[in-house]
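So the structure is just underneath, and the comments pick up after that.
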Amino acid sequence: MARPEKIRLGDLLIQQGLLTDEQLKFALDEQKRSGRKLGRIVVESSFVTEEAISKALAKQLRIDFIDLKHFNPRPELIRLLPEAQARRFRAIALDEVDGKLRIGFVDPTDMQAYDEIARVIRRDIDLAVVTESQLLALIDRVYRRTEEISGLAKELTAEMGDVPVEFGDLLGMSTGAEEAPVVKLLQTVFEEALRLRASDIHIEPQEKSLRIRFRIDGVLHVQTEADAKIATAMALRLKLMSGLDISEKRLPQDGRFAIKVRNSPVDVRISTMPTQYGESVVMRLLSQSTGLLGLDRLNMPPRILERLRNCVRRPSGMVLVTGPTGSGKTTTLYASLSELNTTEKKIITVEDPVEYRLPGINQVQVHEKIDLSFERVLRSALRQDPDIVLVGEMRDQMTAEIGMRAAITGHMVLSTLHTNDVISTPIRLLDMGVPRYMVALSLQMVLAQRLVRVICENCAEPHTPAPHEHEWLHYELGDKVDTYSYKQGRGCAHCGTTGYTGRTGVYEMLEMTNELVESINRDDTGDFVQTARKQMAGETLRRDAVRLVVQGRTTIDEAMRISNQFED
């Protein structure tokens, strides 16, 4: 294709009826004032959408508009254009058409970008138009930094040589420390983890290598393997950042620190543990820029959502959210708090650690080393005249008793407990030694939840259930099992070939009725279980997972995987 000609965007949008004269005048005045691009101004002013601008350019230039949401790119082609140029010139290599490499441009009239990319690629180029937001999202997904991380790891290995070194002084906050290979390596690891939406980073020394893995959507993926010699340097640097004892390598340590990744604040919880080949380090990433989800966005079935809202708005009582670590319990509790957070209510949270920060709420971080325990903080919190108290976890009998006494005496208490399902939760409290009358009088509702991976929209395709999957579905769907269509993700560049993008919740709920309270007081566990099952009427975690399968949002295999966590 010939070199593009410059087009006046404002005139084009007016000509195609996408912009009025008044809107264009406003945008041009704003452009003169701020120096920003005209296209960005009209989009941010809601005069016209990104997609409409791209389609208008494509129509005028008689080239294709490519919707990257439904485009399955070829990573080997995309990487023909280095990431730096792709970001700078807002362009990406898409595919090959008649021997030419088709490049998607946000602004196909940018002649400087065209000339520079043609020089770098040294191939005949065909043009297409893409939107900027979709382009940047695709760049983040495809340009994996595995090679860069491996290169920095080799650089650190070369610097260390073969002689064992004590890194205590070397890794201190000395002049130029930010340029040290270990610092650059860790910075790149954090950037890549955030870009891939990882919740945890695992740094694990093996006999002959150091393995770095990311947990993405609840599943671990190997990011890179490096020389085992750099394990000590990375562990020491992370210990320094979190204020841990760098001389202690025989005992586990826990800490936290805050960093900024691409101007986004991230809280990091770190845990170190001595293993056979060195210290294993696991870091939980808590991005403060993600934003808190509301209850409406947690994918709860309407009847559970309505009853949960009614329950947490009561003046007193206890609501427990249960499930294993990483099942989204804290997110659910904070989504509830965000709806209760008004100037008329005093809210105190007791947590270890404080995972979300909400304005207007008094949040207390537990610190066991100075005897600032859940029990001690909770006792003090109740003397602060709160209306609502959030306790991060019911870890022991004393904490549970104090929380339940608060619920009985006029406070709404929200907390979590590690149990498999809702029916076993009251029984678990009794096993912890909490008096029977406290459980009966204070507990209002138990919500159990899990997180399941969501099928990638870009590579979803029909799926025929295998015999064992068919049998598993038949338990919930009966003869209707063959009337539904099912999906799975094929795997593409958008989802990192996993077939999944993101996670959503599945739930079950038990509300403490008079009948259940009487059953607890009778000290008849069998009767309580039978009464609770009758009240739930089969609305279990398993059934909610099947609901997502039928809706085409998750796979049968994923529903079965999370169901196996709580079924006999």
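Side notes on the structure shown:
The rows are residues; the columns are (1) within 30 Å of LEU308 (Cβ to Cβ); (2) over 32 Å from the mean Cα position of the chain (by Cα).
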site	(1), (2)
ALA440	yes, yes
VAL452	yes, no
ILE455	yes, no
GLU471	no, yes
CYS492	no, no
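- Among the residues making up segment 206-219, those that are at negative phi and open to solvent by 10 Å² or more (accessible area, probe 1.4 Å) are GLN206, GLU207, LYS208, SER209, ARG211, ARG213, ARG215, ILE216, VAL219.
- Scan of segment 76-120 for residues that are at pLDDT below 85, under 19 Å from ALA56 (Cα atoms), open to solvent by 30 Å² or more (accessible area, probe 1.4 Å) and part of a loop (DSSP other than H, G, I, E, B), ordered by number: VAL106, ASP107, ASP110
- Filter result for ASP267 (of a type in the set (Asp, Glu) and open to solvent by 50 Å² or more (accessible area, probe 1.4 Å)): no
- Criterion (more than 23 Å from ARG357 (Cα to Cα) and more than 15 Å from the chain's Cα centre (by Cα)) met by exactly one of ARG313, ARG262, ARG307: ARG307
- Yes/no for GLU306 being touching a residue at least 40 places away in the same chain (Cβ under 8 Å) and not hydroxyl-bearing (Ser, Thr, Tyr): no
- Filter result for the condition that a residue is modelled with pLDDT under 90 and of a type in the set (A, V, I, L, M), over ALA466, ALA493, ALA406, ALA448: ALA493
- Candidates SER280, SER327, SER287 - the one that is modelled with pLDDT of 90 or more, within 30 Å of MET241 (Cβ to Cβ) and not β-branched (Val, Ile, Thr): SER280
- Where ARG269 falls short, out of the listed (1) of a type outside the set (A, V, I, L, M); (2) in a helix (DSSP H, G or I); (3) in contact with a strand residue (DSSP E or B) (Cβ under 8 Å, 6 or more places away or on another chain): (2)
- Helices (runs of 4 or more DSSP H) fully within segment 461-565 counting 1 or more residues that are exposed (fewer than 15 other Cβ atoms within 10 Å of the Cβ) and out of contact with any helix residue (DSSP H, G or I) (no Cβ under 7 Å at 6 or more places or on another chain): 467-477, 514-521, 525-536
- For segment 438-457, a residue qualifies if it is among the β-branched types (Val, Ile, Thr) and not in a strand (DSSP E or B), and exactly one does: VAL439.
- Boolean, LEU171 is at pLDDT 70 or above and either at positive phi or open to solvent by less than 50 Å² (accessible area, probe 1.4 Å) (or both): no
- Test: residue in segment 228-240 that is surrounded by fewer than 18 Cβ atoms within 10 Å (Cβ to Cβ) and hydrophobic (A, V, I, L, M, F, W, C): yes
- Pair list, Cβ < 8 Å and 6+ apart or interchain, from segment 313-332 residues that are more than 16 Å from GLU351 (Cα to Cα) to residues that are open to solvent by 40 Å² or more (accessible area, probe 1.4 Å) and aromatic (Phe, Trp, Tyr): none
- Hits in segment 345-356 - residues which are touching a strand residue (DSSP E or B) at 6+ places or on another chain (Cβ under 7 Å) and not acidic (Asp, Glu): LYS345, ILE347, ILE348, THR349, VAL350, PRO353, VAL354
The values are calculated or read from the model by the stated rules, or taken from the named source; none is laboratory data. Model, not experiment: these values are computed from the prediction. Because the Cβ atoms are built from the backbone with ideal geometry, glycine has one as well, and the counts that use them run over all protein chains shown. Heads up: the accessible areas ignore ligands, DNA and RNA and are worked out on the full protein's heavy atoms, side chains in. Shrake-Rupley method; radii C 1.70, N 1.55, O 1.52, S 1.80 Å.
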